[in-house]
Every structure is written in structure tokens, then in C-alpha cells.
Amino acid sequence: MSGIPEPVRPAPRRSRNTFAQAAESMKGEDATSATPAPVAQQSAATSTPVAQQSAATPAPVAQQPAPAPKKRKVATTDILLSVSEELKERMVATLEHTRPRTGITSQQQFIRIAIDQLCKRLEADFNDGEAFPQPAQRIDL
């Protein structure tokens with residue numbers, strides 16, 4: 001064909017396997033745990049340079065790096081919230097149309113502010129503006 005040599009391509013990076021990483025960290029803590037087989041298979045499979053792979057074998061697709069994890073606020077907890085599609089669409093429309101005036105830029109921020117305002121209103125109406133005490137813990141006998 002042409003006299004130009006084919007460039008040498010770097011070996012593909014090994015894909016991240018968080019389960020294998022967790023197993024590796026547990027291995028250090030517990031000597032009786034078994035070594036996960038997929039880690040050994042992955043390193044053997046990716047050690048062959050791309051240029052040496054046969055034409056029938058597709059080249060591995062390069063994975064994009066995971067986005068940096070967002071920092072969580074201190075003392076926060078996750079909740080699962082299911083809302084109707086109609087209410088969700090209403091929230092999105094309200095958020096988009098009022099963003100320049102309110103400064104609320106995300107749905108999470110919108111929901112947090114809404115919860116805070118409703119709590120303040122109910123505390124003012126039913127508890128002289130004071131926060132309600134935490135409910136008693138259930139005691140199983």
C-alpha cells in the first residue's frame with residue numbers, strides 16, 4: 001500500500017470496575033475473601049495493543065472519564081420523591097419562567113426552598129412560629 005508506517009497506538013486503559021475495587025479493598029481487610037476473576041480477565045484482555053488485534057475484533061470504545069463527584073453539604077440526607085408528571089412539568093415551567101427573578105437555578109434548590117417555606121408557614125399557623133419538636137421514637141416491646 002503506502003510506505004507510511006502505521007502509528008503505534010497506546011494500549012487501551014483498563015475500564016473502572018467499582019465492584020472489583022471494592023473487592024480488592026475488602027481483600028486487604030479479610031484474608032479469606034476470594035479474588036474476583038473479572039479483574040484478572042480484564043487485565044489480560046486489555047494487554048494486547050490495538051494495532052495487533054485482528055480486524056474481526058472491534059477495538060474497545062474509549063470510555064469518557066466520570067464527572068467529578070459533587071461535594072455534598074454537611075449533614076444532608078437523600079429522600080426519594082415521586083410526583084405526578086403534571087406537577088413535575090408545572091415545577092419545571094415555574095422554575096424556568098421565574099429563574100431571573102428568584103435566582104433558583106435547579107430543581108433541587110426549588111424543592112428545598114418550597115419545603116422550607118411550607119414548614120415555616122405551618123409552624124407559624126400551628127406552633128406560634130416555633131419549629132415542631134421531633135416525633136417520639138417508636139418503642140418495640
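The values are calculated or read from the model by the stated rules, or taken from the named source; none is laboratory data. All values reported here derive from a predicted model rather than from experimental measurement. For neighbour counting, all protein chains shown are included, and Cβ atoms are generated from backbone atoms with ideal geometry for every residue, glycine included.
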Exercise for review: Check off (1) of a type outside the set (A, V, I, L, M); (2) assigned to a loop (DSSP other than H, G, I, E, B); (3) exposed (fewer than 10 other Cβ atoms within 10 Å of the Cβ) for residue 100 and give me the number that stays unchecked.
Suggested key: (2)
Practice item. Go through (1) exposed (fewer than 10 other Cβ atoms within 10 Å of the Cβ); (2) among the aliphatic types (A, V, I, L, M); (3) over 23 Å from the mean Cα position of the chain (by Cα) and name the single condition residue 115 misses. Key: (1)
Check your understanding: What about residue 141, is it loosely packed, with under 12 Cβ neighbours inside 10 Å and at pLDDT 95 or above?
Key -> no
